[in-house]
Ligand code: CUA
């Protein structure tokens, strides 16, 4: 009777370990399966942002009929380009943003633009600015001592 019980315990341990092993394997496989497919395509060496196209030339470019591309670099503590960017009312702007140091935010209050900017990746968001005005672009991820100062402006005329 004693031996029988011990065997049950050992069997139980064996089954538990197998279950844990399968769970870990499953998590690893699942994790790989759900990784964004473009993560590697957009991999950028954060230390080489200033040499990596298109971020070697952060700028606003007209790419179509009232359509613009804003290539920007977030850093502690600001954004490149630093000067206010200007677009006409009704412009659709495709933002492409990366970070050259730590995680930053990229939020334009009053719009649906609110993304996280992670070093090594290109974050993208598109917005159409129908109403003229001065739009603040600000960092909403705590990134250091001057986090509150990290902002720039988009002017919609
Ligand atoms: Cu960048 Cu807070």
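The table for this structure:
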quantity: Number of the condition not met by residue 123 [criteria: (1) touching a residue at least 60 places away in the same chain (Cβ under 8 Å); (2) within 21 Å of residue 55 (Cα to Cα)]; calculated: (1)
quantity: Residue check, residue 75 touching a helix residue (DSSP H, G or I) at 6+ places or on another chain (Cβ under 9 Å) and free of Cβ contacts under 8 Å to residues at least 60 places away in the same chain; calculated: yes
quantity: Selection from the stretch 138-157 of residues that are within 11 Å of the ligand (Cβ to nearest atom) and touching a strand residue (DSSP E or B) at 6+ places or on another chain (Cβ under 7 Å); calculated: 138, 139, 140, 141, 143, 150, 151
quantity: Residue 55 being more than 16 Å from the ligand (Cβ to nearest atom), surrounded by 18 or more Cβ atoms within 10 Å (Cβ to Cβ) and either part of a loop (DSSP other than H, G, I, E, B) or at pLDDT 95 or above (or both); calculated: yes
quantity: Among (1) in contact (Cβ under 8 Å) with a residue 40 or more places away in the chain; (2) more than 9 Å from the ligand (Cβ to nearest atom); (3) surrounded by fewer than 16 Cβ atoms within 10 Å (Cβ to Cβ); (4) in a loop (DSSP other than H, G, I, E, B) - the single one residue 134 does not satisfy; calculated: (4)
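Residues checked against (1) away from the ligand (no atom under 13 Å from the Cβ); (2) under 28 Å from residue 144 (Cβ atoms); (3) modelled with pLDDT of 95 or more:
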| residue | (1), (2), (3) |
| --- | --- |
| 60 | yes, yes, yes |
| 65 | yes, no, yes |
| 78 | no, yes, yes |
| 82 | yes, yes, no |
| 85 | yes, yes, yes |
| 90 | yes, no, yes |
| 102 | no, yes, yes |
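The values are calculated or read from the model by the stated rules, or taken from the named source; none is laboratory data. It should be emphasised that the depicted structure is a prediction, and the values quoted were computed from it without experimental measurement. As a convention, Cβ positions derive from the backbone with ideal geometry for all residues, glycine included, and neighbour counts pool all protein chains shown.
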